[in-house]
Amino acid sequence: MSTSKEQIEQLRSELREHNYNYYVLDNATISDYDFDIKLKELELLESQNPEFFDANSPTQRVGGAITKNFNTITHKNRMYSLDNSYSKEDLLDWEKRIRKIVGVESVEYTCELKYDGASINLSYENGRLTSAVTRGDGFQGDDVTANIKTIRSIPLQLKENALKTFEIRGEIILPLDGFNKMNKERVAAGEEAYRNPRNTASGSLKLQDSAEVAKRPLDCLLYHVVGERLPFKTHAEALGNAKEAGFKIPQTLKVAKSIDEVFEFIQYWDIERHNLPYETDGVVVKVNSLPHQDELGYTSKAPRWAIAYKFKAEQESTVLHKITYQVGRTGAITPVANLEPVQLAGTIVKRASLHNADQIAKLDIRENDTVFVEKGGEIIPKVVGVDLSKRAASSQSTKYATHCPECETLLVRTEGDAKHYCPNEFGCPTQITGKIQHYISRKAMDIDGLGSETIELLFKEGLVSNYADLYDLKIEQIIPLERMAEKSAQNMVAGIEASKQIPFEKVLFALGIRFVGETVAKKLAKHFKSIERLMNASFDELVNVDEIGDRIAQSIVDFSNELSNTVLIDRLRSYGVQLELSAEAQKGQTDILQGNIFVVSGVFTRLSRNELKKAIEDNGGKVSSSISKKTTYVVAGDNMGPSKRTKAENLGVPIITEDDFLKML
Ligand code: AMP
Ligand code: ZN
């Protein structure tokens, strides 16, 4: 018995090594044929000895598991986005801020390429892959572990001397060769070609059949080791260690001693990237020192210690046939260019955004013009200029729409607003359905069993004209509708019922108040704690909340002053929708630090830096990244930067210890 166990172990480790050599090092050490023989041998032994089953065995890479619904997993550490820069000046500004905050003369950076794919968070425990989760909204993502295991370059079991328990982030990509080959086969089979490698890679992660994923030539490039107390001093060291543990870390990574060396890296790769086997859309520059990264921390969206530099987007010219206008859920009008289809950066583009009336006037964009279209970081391409040499003499300048294309209402534009709006908030069909569609969407009330098309149908049939109406829907009303059956009607009503448990901050986002996005909704929910207090707040009270500006405050005041909204909210309350922060969310929160601004610096023993910041915010204080006259306290741990100390002393800002701080609470 024990001999077969040894045999199994031996084969597994041999196959792991071959996989690594082939898929990570790109250096085959065995023929495909011999590999297959050994794999078959292992499969046989495993089937004869089921007690030695191992979910991370090389035999598990062929897939087979079917996932009907991907589980939602909350990230242990939030997956942030990256701030973008487009010029040397942007980068210089960023570096200046960095030096100011960490208070040193010269900072070391790492330069990596920005791989264009889908981000993934891999968790390892005891040297074994335990889960793989997509970025999702940054807070929560989908568990795609079964699919990820089929990617041969991702180690399922790490080498001996590696870190044991940690998270590592990377990008799932589809190299160009593999992408083109897949497309050739599709076209030969009479199917439509995939549009670009990035979307195909991210689509692959959500396939239900992992055996199907196993057939796709996906790869994974890693760029970030995550953990609170890592035994590394620099980002480059952490990645070097991960490389030794068996991860694929591209050779292109470089440590730059100065911002000038960063520019050299960018210049080189701006050209050279076209010779890489995969797509990249920029360079990611990161502060190399981990204590400095820690000190710099995060904004509400992105790390302060990293920035993406975007390569200049590709451009094409094509004919603009017609300008049409789209109405958003808040009534905002977006002009759209309907184009002669054109191939751009690997995708076919038929429509492009024209942003607003000013943009059209500024570029003097007209129908029948030949225009330049560019694809930046955004998914929607934009028109960036007109080829005047191709303009017909009879061409007429564009007259911007005066009336809503959906309800014919005269459009309005308030001063300082770039967009025109259709003011017919409660009567414009697109706004009505758009608001309800937003309400049910995943990041809002996340109502299962109800989609955008169904909302349009329910509206057309006169069953709903606002989100509160959803809660009055009866199964008998739904069943007679087109394409509805008893089961789907039941699911719909159950989904609506379940939404009554969705926490207040999400409800607040779901209400669709103009300019109140996810992050703002969270801030407001935390501050005001109930819809009642929020709607009673004055403009001044609102702008006093951290990060709430005039525009958002005015929008909330307008929302609260509108009688129809008060009626809707009252109805939501009567149905049992969560309109205040749950007791649990309020636990551990006080106002005792209200009005105090803290700067946190150094390394702490009792709390991690993030826990410390959270404790400040949970108790009403504010965390700032640099010391100024406004700073109330500096909480100093070990290794606080000497220049920070001097600055605090010069400004007379009290420096307190972690223990002093905890006593305040
Ligand atoms: P964005 O999606 O534009 O906010 O950019 C952030 C994303 O860039 C991250 O979520 C990563 O998936 C991706 N990315 C690609 N390459 C890198 C890299 N070398 N370092 C950090 N992030 C990267
Ligand atoms: Zn309208």
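The values are calculated or read from the model by the stated rules, or taken from the named source; none is laboratory data. All of these numbers come straight from a predicted model, not from anything done at the bench. Please note: Cβ atoms are built from the backbone with ideal geometry, for glycine as well, and neighbour counts cover all protein chains shown. The protein model used for the area step is the full one, side chains on, heavy atoms only, and it has no ligands, DNA or RNA in it. Shrake-Rupley method; radii C 1.70, N 1.55, O 1.52, S 1.80 Å.
3J(HN,Hα) along the stretch 482-494: 3, 6, 10, 10, 4, 4, 5, 5, 5, 4, 4, 5, 5 Hz, from the Karplus curve 6.51 cos²θ - 1.76 cosθ + 1.60 with θ = phi - 60°, whole Hz, x for Gly and Pro. At 7 Å along Cα-to-Cβ for each site, give me the label-to-label distance between SER258 and LEU25 in nm. If labels sit at SER258 and LEU25, their model points lie 3.8 nm apart. Each label was represented as a point 7 Å from its Cα along the Cα-to-Cβ direction; for SER564 and LEU651 these points are 4.8 nm apart.
Can you give me the accessible area per residue for the chain, using a 1.4 Å probe, in Å²? Accessible area per residue: 50 Å².
In sequence order, the stretch 181-197 has phi-based couplings of 5, 4, 5, 4, 5, 5, 4, 4, 8, x, 9, 6, 5, 5, 7, 7, x Hz under the Karplus curve 6.51 cos²θ - 1.76 cosθ + 1.60, θ = phi - 60°, and Gly or Pro positions carry x. Loop-located trypsin sites (Lys or Arg not before Pro) across the stretch 232-270 with a Cβ neighbour count of 15 or fewer within 10 Å are LYS233, LYS257, with loop assigned by DSSP.
Taking the square roots of five times each eigenvalue of the Cα gyration tensor of the stretch 29-140, the equivalent ellipsoid has semi-axes of 44, 19, 14 Å, listed largest first. Counted residue by residue at 0.36 nm each, then reduced by the alpha carbon distance between them, the extension gain from GLN267 to GLN594 reaches 113.0 nm. For the stretch 219-287, which whole-number percentage of the solvent-accessible area (1.4 Å probe, protein heavy atoms only) is attributable to carbon and sulfur atoms? Carbon and sulfur: 51 percent of the exposed surface of the stretch 219-287.
Remark: for residue pairs LYS254/LYS312; LYS5/LYS149; LYS233/LYS443; LYS96/LYS529; LYS96/LYS647, the C-alpha separation exceeds 28 Å in LYS233/LYS443; LYS96/LYS529. Hey, got a sec? Which GluC sites (Glu not before Pro) in the stretch 390-422 land in a DSSP loop and have at most 14 other Cβ atoms within 10 Å? Here the sparse-neighbourhood loop sites are GLU408, GLU415. Placing a label point 7 Å from the Cα of ASN610 along the Cα-to-Cβ line, the residues of the stretch 74-117 whose backbone N sits under 14 Å from it are 74-81. Solvent-accessible area of the stretch 476-582 (1.4 angstrom probe, protein heavy atoms only): carbon and sulfur portion equals 49 percent.
Between MET664 and ASN180, the distance separating the two model label sites (each 7 Å from Cα on the Cα→Cβ line) works out to 6.0 nm. Label zone of THR3 (point 7 Å out along Cα→Cβ, amide N under 18 Å): in the stretch 32-50 this covers 41-42, 44-50. For the stretch 221-356, a crude dipole built from +1 on the beta carbon of Lys and Arg and -1 on the beta carbon of Asp and Glu, taken about the Cα centre, is about 480 debye to the nearest 20.
On the basis of the beta-carbon distance and an R0 of 35 Å, ARG195 and GLN501 show a calculated FRET efficiency of 0.40. Rounded, prolate or oblate, given the Cα gyration tensor of the chain, with a/c below 1.5 counting as rounded? It is rounded, given that a/c, with a ≥ b ≥ c, falls under 1.5. With a Förster radius of 35 Å applied to the beta-carbon distance between GLN48 and ASN77, the computed FRET efficiency rounds to 0.25. Shape class for the stretch 523-617, computed from the alpha carbon gyration tensor (a ≥ b ≥ c): oblate, with a/c not under 1.5 and a/b at or below b/c. Amide H to amide H, with H built 1.01 Å from N, HIS321 comes under 5 Å of ASN338, LEU339, GLU340, ASN368, counting only residues 5 or more places away or on other chains. Per-residue ellipticity at 222 nm, computed for the chain from helices alone with -39500 (n - 2.57) per DSSP H run of at least four residues, works out to -10500 deg cm²/dmol. Taking R0 as 35 Å, what's the FRET efficiency between SER389 and GLU415 from their Cβ-Cβ distance, rounded to 0.05? That gives a FRET efficiency of 0.45. Computed from backbone phi, the HN-Hα couplings of the stretch 153-158 come to 7, 8, x, 8, 9, 8 Hz, rounded to whole numbers (Karplus: 6.51 cos²θ - 1.76 cosθ + 1.60, θ = phi - 60°; Gly and Pro given as x). Candidates ALA583, SER555, ILE597 compared by Cα position along the dipole of the stretch 548-600: farthest toward the positive end lies ALA583, with charges placed on Cβ. Evaluated with a Cβ-only charge set (Lys, Arg +1; Asp, Glu -1), the chain carries a dipole of roughly 820 debye about its Cα centre, given to the nearest 20.
Under the combined filter of DSSP loop state and at most 16 neighbouring Cβ atoms within 10 Å, the stretch 68-142 retains these trypsin sites (Lys or Arg not before Pro): LYS68, LYS76, ARG78.
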